[in-house]
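Asks: Here you go, one structure.
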Amino acid sequence: MKTILFIIQKEFRQIFRNKAMLPMLFIMPFMQLLILSNAASFEVKNIAFSYIDNDHSSSSRELISKFEASPYFNVKASYPSKKEAVLDMQKGKVSVIVEIPQNFEQNMVKNHKSMLSVAIDAIDGAAAGVENVYISQIVSNYSQNIQTTLLQHNNGSFIVPKNILVIPSFWYNKTLNYKTFMVPGILVLLVTMLSLFLSSMNIVREKELGTLEQINVSPIQKHQFIIGKLFPFWIIGLVILTIGLLIAKLVFDVPMLGNIGLIYLFTTVYLLVVLGIGLFISNYTETQQQAMFIAWFFMVIFILMSGLFTPIESMPNWAQTITLFNPIRYFVEIIRLVLLKGATFSDIKIQFLIISLFALCLNTIAIWSYKKTN
């Protein structure tokens, strides 16, 4: 035990003497949390909107006014023909073209229906999908209102509209605030990235400096060396989580409905998984550059398949199977469940058991792969 404490003391001294590492530990993660949480948004605003009004009726003008009043659309131009509008879309000046046909209002009165042509620039498929939802909502609301108004004028009597009114209720995030669910996820990424990169490069750095050979010939046991090397980063990971949670609450007002102790319990085991991966990488690399590239390779896969940016349920079946081996997936899921939904241990026990199994297997493999003869 005394040997382990000496190694831990040495590691902390090395970390705090390294002037380049201190900003990486205590400034960069929190700057990234503040910047990314404000910048990473799924909302699409200032959509360059244009229209072609072939009807010039009060109904068509009312429809255009709905788009003008929307905070998501920026009405750029009105075109006399579709050809000119398409040319401007090709130049990137407009993103949406709505064409109102002739006899639009007349068809609404006689046939109770009419057609609209909508063209959306779909180079960015995700943004185009969101724009389509915005347009559909505006047109749907307009259609309900205009049908009622026109029928009243047509028959001269009041008609009770027979539309089905849908009032959605959003649970656990009533205002659909994207920061509420993005901030915990980004915090998970920062804790993971920092722990993985630093642990994977730490032992390799000893190889580059030549001090690892001196340690290998010393009477220090293998498990003492591993524990002493990884323990400081385990502590640092928990410190980063603590400061990140404070920022999430004080700056972004993220609700914390569940027991914070569950987050720490899960994180203590989760960090063992990340540190085990870092140790495994360092065992098979010779330079810090190699370790960083390999760690980055795994991080990119882990992040994109974590469910943070795209729902796992929307992935193909083979991809969903791969995500079962992604530790970030479980941490993102747990931190959202506990913070936003107030989940208890019984709600997260399956994920906790899985991550505990990962920690046991990965650290066993990592310690086994470390050779004192390196």
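Asks: What percent does the relative contact order of the chain come to when contacts are Cα pairs within less than 8 Å and at least six residues apart? Mind dumping the intermediate values first?
Replies: Details: 444 pairs, mean separation 69.3, N = 374.
Dividing the mean separation by the residue count of the chain yields 19 percent.
Asks: For labels at residue 300 and residue 144 in the simple 7 Å Cα→Cβ model, what's the distance in nm?
Replies: 4.6
Asks: Sorted from largest down, what three extents in whole angstroms do the Cα atoms of segment 204-345 have along their principal axes?
Replies: 52, 35, 27
Asks: With only alpha-carbon atoms in the gyration tensor, what are the semi-axes of the equivalent ellipsoid for segment 320-374, in Å, largest first? If you can, show how the numbers build up before the last one.
Replies: On the way: eigenvalues 173, 28, 17 Å².
Equivalent-ellipsoid dimensions as semi-axes: 29, 12, 9 Å.
Asks: Keeping all protein chains in position, work out how much accessible area residue 61 exposes to a 1.4 Å probe, and write it in Å² to the nearest 10.
Replies: 140
Asks: What are the trypsin sites (Lys or Arg not before Pro) within segment 66-140 that DSSP puts in a loop, where the Cβ has at most 14 other Cβ atoms within 10 Å?
Replies: On the way: sites: 66, 76, 82, 83, 91, 93, 110, 113; in loops: 91, 93, 113.
Passing both the DSSP loop test and the Cβ count: 91, 93, 113.
Asks: Want the number for residue 87 to residue 31: 0.36 nm per residue separation, take away the alpha-carbon distance, what's left? Let's see the in-between values first.
Replies: Details: separation 56, 0.36 × 56 = 20.16 nm, distance 4.21 nm.
In short, 15.9 nm is gained.
Asks: How much of the accessible area of the chain, probe 1.4 Å, is carbon plus sulfur, in whole percent? Mind showing how you got there, number by number?
Replies: Working: 12960 of 20410 Å².
Reported share for carbon and sulfur atoms: 64 percent.
Asks: Could you tell me what % of all Cα pairs in segment 40-123 have separations over 19 Å?
Replies: Details: 1394 of 3486 pairs.
Of all Cα-Cα distances in segment 40-123, 40 percent exceed 19 Å.
Asks: Something else now. Under 17 Å from a point placed 7 Å out from the Cα of residue 66 along the Cα-to-Cβ direction: which residues of segment 112-133 have their backbone N that close?
Replies: 112-119, 131-133
Asks: Give me the percent of Cα-Cα pairs in the chain that sit more than 25 Å apart, rounded to a whole number.
Replies: Numbers: 45728 of 69751 pairs.
Result: 66 percent of Cα pairs exceed 25 Å.
Asks: As an exercise, identify the chymotrypsin sites (Phe, Trp or Tyr not before Pro) in segment 254-309 lying in DSSP coil whose Cβ has no more than 12 other Cβ atoms within 10 Å. Could you put the intermediate results ahead of the total?
Replies: Working: sites: 264, 266, 270, 280, 284, 293, 296, 297, 298, 302, 309; in loops: 284, 309.
Hits after loop and neighbour filter: 284.
Asks: How many percent of Cα pairs in segment 266-353 exceed 21 Å?
Replies: On the way: 1530 of 3828 pairs.
When all Cα pairs of segment 266-353 are counted, 40 percent exceed 21 Å.
Asks: Would you mind getting me the FRET efficiency between residue 74 and residue 18? Use the beta-carbon distance for r and R0 = 56 Å, nearest 0.05. Each step should come with its number before you reach the end.
Replies: Working: r = 49 Å, r/R0 = 0.87.
That pair, residue 74 with residue 18, gives E of 0.70.
Asks: Hey, another quick one. Read phi for every residue in segment 92-106 and hand back ³J(HN,Hα) as whole Hz from Karplus 6.51 cos²θ - 1.76 cosθ + 1.60, θ = phi - 60°, with x for Gly and Pro.
Replies: x, 7, 10, 10, 9, 10, 10, 10, 9, x, 5, 6, 4, 5, 4
Asks: So, one more: For the chain, what is the accessible area per residue in Å² when the probe is 1.4 Å? Intermediate values should be presented prior to the final figure.
Replies: On the way: 20410 Å² over 374 residues.
Using a 1.4 Å probe on heavy atoms only, each residue of the chain averages 55 Å².
Asks: Another question, if that's okay. Can you work out the FRET efficiency for the pair residue 107 and residue 243, with r the C-beta to C-beta distance and R0 = 45 Å, to the nearest 0.05? It would help to have the intermediate numbers written out before the result.
Replies: Numbers: r = 61 Å, r/R0 = 1.36.
The calculated FRET efficiency here is 0.15.
The values are calculated or read from the model by the stated rules, or taken from the named source; none is laboratory data. These numbers come from a predicted model, not from an experiment. Every residue, glycine as well, gets a Cβ built from its backbone with ideal geometry; the counts of neighbours run over all protein chains shown. Remember, those area values only see protein heavy atoms, side chains included, never the ligands or the DNA or RNA. Shrake-Rupley method; radii C 1.70, N 1.55, O 1.52, S 1.80 Å.
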